[in-house]
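Some notes on the structure that comes next.
The values are calculated or read from the model by the stated rules, or taken from the named source; none is laboratory data. As the structure is a prediction and not an experimental result, all values here were calculated from the model. A quick note on method: Cβ atoms are made from the backbone with ideal geometry, for glycine too, and the neighbour counts reach across all protein chains shown.
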Amino acid sequence: MNRLRFAILRLAVLGAMASSAWAQGQYIGYVYPAGGQQGTTFPIRIGGQSLQLPDSVIVTGEGVSCRLVDYYRVLDNQEMSFLSQQLNELKKKETVLSEDMTAKMSSFEFPAPIGPDTGTSAVQSLICPICGTANPIDATVCSKCNAKLEKPKDPKPGEKESKDAPKSEKDVAKENLIDRIQRRFTEDERTPAVRSQTELVFVEITVAPDAKPGRREIRVITRLGISNPLPFYVSQVPEVARKPMKICQLPVLGKESQAQRKRPVEEEEVRVTVPCTMNGQIAPGETNRYRFQASKGQRLVISAKARDLVPYVADGVPGWFQAVLRLCDANGKELAYDDDFRSNPDPVIYFEVPDDGEYVLTIREALFRGRESFVYRITIGELPFVTSIFPLGGRVGEPVKIEMDGWNLDKAALAPPPKDAKPGCHLLAAASGAFVSNYVPFALDTLPECLEQEANDESAKAQKVNLPVIINGRADRPGDWDVFEVEGKAGETIVVEVTARHLGSPLDSFLKVTGPDGKIIAINDDHFDAGSGLNTDHADSYLMVKPPANGKYFVHLGDRRRQAGKEYAYRLRISAPQPDFALRVIPSRVCMASKGAAAVTVFALRKDGFDGPIQLNFKGLPQGLESAGAALAANQETVGVGIKTSLTAVEKPVNLTLVGVAKIGDREVVHDAVPAEDKMQAFLWRHILPAETLPALVFDPSYQAPADRMRPPIREEDRPKGVQPTVTRSSVEWYLRQLENLYQDWFLTDDFVNREIANVEARVIK
């Protein structure tokens, strides 16, 4: 019921967001590769939509800089036809470029290649001269319009220039223009599987040597708005990346094999040196292989990030890239396999190498699906990896000794949160020499804490606790029950809450409260938390109980699946209600047109029965931005908050903070709203996915890129003679605009565009 209620609530606020939705259309669906090593510079590509007029790319945190290199918008069939005609003309020896085109193309910067194949993008397809569709090199007719195709003819003997002969600036410029057009055909897909990922942004990333390793967020900033964020990682080991995937073709029912990627044999397997991080993209039906040398006794951790990089997929079950790892010896014998790590869909393998030799790691999608956004990162090496900690949290301001378990932790140290850390969830990592482990969550709270004490597996041996308290414990053996005795008073509410799965524990908690006679008063298995973000396995339990009479009561906690172990830890809060709230603000960016306004939607996640009003306001708005704020009335869970500007535009986004204030008892409680994105999973479920920042941008909706080129006058000899005018000016405006756009993008020569325009104008009725 809670999930249904949340889905209905989401639908109810769509109307409130519609007024500003048009300014939030910038979208990125994947980043490839989704990270890189400290102290390196490398290229990435970002696929999305509504990314026209890109201005910059930003990564959160310190030590990562981005340089925008190029942008490929989606060209229509007519524009592709123009490029095809221009390409054929350029291949003629007599074609000469103008001086400005020569200067531009001779020094043109192409996006750096990603992957081991660093050659130029030679023609991999035949371009239809009629509709501009890219066809396989061995095709005889166009797959779209059935026009006849001809393969390029090889040069005659004596025509091929010597490789050692120096090339003139004009020759270099002409070759670069040909290469540039061919690259666009190589990247083109007329019937993409996902249209919202077909625009491409090419970026050069530089990571400082001292950049903090771990997760960041990346966004594309355009002249018209800000994109959603996606994860981006800084690593400590060398990285390799496969050649990027061409935009996936839409599969046709019964002919799905025709849409599968045709990978050259030499690209099926990549040889790597451990330690390293491997980057790739999975196509439909594809398996990627990595071969590496390992020595006996090495303790390798192989961890994948797939679902983590693109958390939710709207149009597929289970709603993300479900990666499967398989490790074999050189003869193909399977030695290890994993398809998830506990409740985390991204797999992890720990492997002690039995013998010197070669090993092969493979990755595929569990259902053999694939597309360009099925991006992954696999890190392999003798690296520290924390599988669990105990306790899962502590009290603010008090020292705590944290035990950790995992792999390659012999010389590792885990630092607790700083002494001045505030209540909430903090991420901790273990340092081992120069390497930092994965991050694990650790909770800080303000209530008194204690440790669970065995044996307490039945009411007669229950551990007595005084309220309020947070008990840190774990399931020690299969079927273990931990029982706690509390004093209850008639009519006074007691809250019993388990936090385990939210802190990375595999415990699937089950709660029950019984009276002194053993009769069950309340019971709970799973409690839905709308603010849990990536977590889709709501396995933590929660109860609010009113004892019927004064006396002793017993809280029973066990694992629903009767599993146990060091990692099956929990935090059990037993207390009077602690009324509180958390806030989420959607979307995680604010885009306002010149002297205009926008709105965000705020969700209140009320806790322990808090139903009071919450006042919302932006904190410290920059000059030129203002907001009247808003109020969430008692029991209200969502409200729109408007913001307006007197500015025409700003150069760079500014980060905003939205604050909620409520009076709870005699306390004033203040919480920052967490920026978030509304994501759909598998056609139905929606999730509030937290983000790191809430950037705001004021843009000029009438902005147009300044013209780089001035077209020379049309020569009289280019104007066709004796043509009968048959069309109106308005009917060919789109045609002329396409020519002008391609011309300003430096794809068309002066002669070509003038000749095309002259042919059109000759047919226009005066």
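Condition check ((1) part of a loop (DSSP other than H, G, I, E, B); (2) free of Cβ contacts under 8 Å to residues at least 60 places away in the same chain; (3) buried (at least 20 other Cβ atoms within 10 Å of the Cβ)) across all residues:
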| site | (1), (2), (3) |
| --- | --- |
| T206 | no, no, no |
| D210 | yes, no, no |
| V220 | no, no, yes |
| N228 | yes, no, yes |
| V234 | no, no, yes |
| V237 | yes, no, no |
| V240 | no, no, no |
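So, in the stretch 389-405, of the ones that are assigned to a strand (DSSP E or B) and acidic (D, E), which residue ends up surrounded by the most Cβ atoms within 10 Å (Cβ to Cβ)?
Checking each candidate, the answer is D405.
Being modelled with pLDDT under 95, surrounded by fewer than 20 Cβ atoms within 10 Å (Cβ to Cβ) and among the aliphatic types (A, V, I, L, M) is the requirement here; does A576 meet it?
no
How many residues, within the stretch 562-594, are assigned to a loop (DSSP other than H, G, I, E, B) and under 15 Å from K607 (Cβ atoms)?
Of the residues in that region, 4 qualify.
Considering only the stretch 366-388, state which residues are surrounded by fewer than 22 Cβ atoms within 10 Å (Cβ to Cβ), more than 20 Å from P192 (Cα to Cα) and charged (D, E, K, R).
Hit for the stretch 366-388 is E382, nothing else.
Which of the residues belonging to the stretch 192-218 are more than 15 Å from Q49 (Cα to Cα), among the β-branched types (V, I, T) and out of contact with any Cys (no Cβ under 9 Å at 6 or more places or on another chain)?
V207
Kindly provide the set of residues from the stretch 41-68 that are under 22 Å from S702 (Cα atoms), part of a strand (DSSP E or B) and of a type in the set (A, V, I, L, M), ordered by number.
V57
Output the residues belonging to the stretch 544-585 that are under 40 Å from the mean Cα position of the chain (by Cα), of a type in the set (A, V, I, L, M) and farther than 20 Å from K461 by Cβ.
Once the filter is applied, which keeps residues that are under 40 Å from the mean Cα position of the chain (by Cα), of a type in the set (A, V, I, L, M) and farther than 20 Å from K461 by Cβ, the stretch 544-585 yields M544, A569, A576, A582, L583, V585.
Just need a number here: residues in the stretch 317-335 that are touching a residue at least 40 places away in the same chain (Cβ under 8 Å), part of a loop (DSSP other than H, G, I, E, B) and hydrophobic (A, V, I, L, M, F, W, C).
Looking only at that region, the number is 3.
How many residues are closer than 18 Å to A430 by Cα and touching a strand residue (DSSP E or B) at 6+ places or on another chain (Cβ under 9 Å) when one looks only at the stretch 366-400?
Looking only at that region, the number is 17.
Name the residue that is farthest from E372 (Cα to Cα), counting only residues in the stretch 173-197 that are over 16 Å from the mean Cα position of the chain (by Cα), part of a loop (DSSP other than H, G, I, E, B) and in contact (Cβ under 8 Å) with a residue 60 or more places away in the chain.
Restricting to residues being over 16 Å from the mean Cα position of the chain (by Cα), part of a loop (DSSP other than H, G, I, E, B) and in contact (Cβ under 8 Å) with a residue 60 or more places away in the chain, the top hit is R190.
Go through (1) assigned to a strand (DSSP E or B); (2) surrounded by fewer than 15 Cβ atoms within 10 Å (Cβ to Cβ) and name the single condition F528 misses.
Of everything listed in (1) assigned to a strand (DSSP E or B); (2) surrounded by fewer than 15 Cβ atoms within 10 Å (Cβ to Cβ), F528 misses just condition (1).
Quickly run through the stretch 595-632 and pick out the residues that are hydrophobic (A, V, I, L, M, F, W, C), in contact (Cβ under 8 Å) with a residue 24 or more places away in the chain, more than 30 Å from Y703 (Cα to Cα) and in a strand (DSSP E or B).
V602, F603, A604, L605, I614, L616, A630, L632
Being basic (K, R), surrounded by fewer than 18 Cβ atoms within 10 Å (Cβ to Cβ) and out of contact with any Lys or Arg (no Cβ under 8 Å at 6 or more places or on another chain) is the filter here, so list the residues in the stretch 561-573 that pass it.
R561, R562 - these are the residues of the stretch 561-573 that are basic (K, R), surrounded by fewer than 18 Cβ atoms within 10 Å (Cβ to Cβ) and out of contact with any Lys or Arg (no Cβ under 8 Å at 6 or more places or on another chain).
Considering only residues that are under 16 Å from F185 (Cβ atoms) and surrounded by 15 or more Cβ atoms within 10 Å (Cβ to Cβ), which ones fall in the stretch 79-109?
If the condition is that a residue be under 16 Å from F185 (Cβ atoms) and surrounded by 15 or more Cβ atoms within 10 Å (Cβ to Cβ), then E79, M80, S81, F82, L83, S84, Q85, Q86, L87, E89, L90 are the ones that fit.
With respect to G612, is the statement that it is over 32 Å from the mean Cα position of the chain (by Cα), surrounded by 14 or more Cβ atoms within 10 Å (Cβ to Cβ) and of a type outside the set (D, E, K, R) true?
yes
Name every residue in the stretch 304-331 that is crowded, with 22+ Cβ neighbours inside 10 Å, among the small types (G, A, S) and more than 14 Å from L534 (Cα to Cα), in order of residue number.
Listed by number, the residues that qualify are A304, A323.
Across the stretch 716-745, what is the total count of residues that are free of Cβ contacts under 8 Å to residues at least 40 places away in the same chain, surrounded by 12 or more Cβ atoms within 10 Å (Cβ to Cβ) and more than 33 Å from the chain's Cα centre (by Cα)?
Adding up the residues that qualify gives 7.
Conditions tested, residue by residue: (1) of a type in the set (D, E); (2) touching a helix residue (DSSP H, G or I) at 6+ places or on another chain (Cβ under 7 Å).
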position: I181; (1), (2): no, yes
position: R195; (1), (2): no, no
position: D210; (1), (2): yes, no
position: G225; (1), (2): no, yes
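Looking only at the stretch 658-676, count how many residues are outside any strand (DSSP E or B) and more than 19 Å from P423 (Cα to Cα).
2
Quick grid of which residues meet (1) at pLDDT below 90; (2) assigned by TED's automatic domain parsing to the domain that holds V590; (3) of a type in the set (V, I, T); (4) assigned to a strand (DSSP E or B):
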position: A649; (1), (2), (3), (4): no, yes, no, no
position: D678; (1), (2), (3), (4): no, yes, no, yes
position: E692; (1), (2), (3), (4): no, yes, no, no
position: G722; (1), (2), (3), (4): yes, no, no, no
position: Y735; (1), (2), (3), (4): no, no, no, no
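Can you name the condition, by its number, that K296 falls short on among (1) of a type outside the set (S, T, Y); (2) in contact with an Asp or Glu (Cβ under 6 Å, 6 or more places away or on another chain); (3) buried (at least 17 other Cβ atoms within 10 Å of the Cβ)?
Going through the list (1) of a type outside the set (S, T, Y); (2) in contact with an Asp or Glu (Cβ under 6 Å, 6 or more places away or on another chain); (3) buried (at least 17 other Cβ atoms within 10 Å of the Cβ), K296 breaks only (3).
In the stretch 36-54, how many are small (G, A, S) and either without any contact (Cβ under 8 Å) to a residue 12 or more places away in the chain or over 19 Å from R223 (Cα atoms) (or both)?
Total meeting the criteria: 2.
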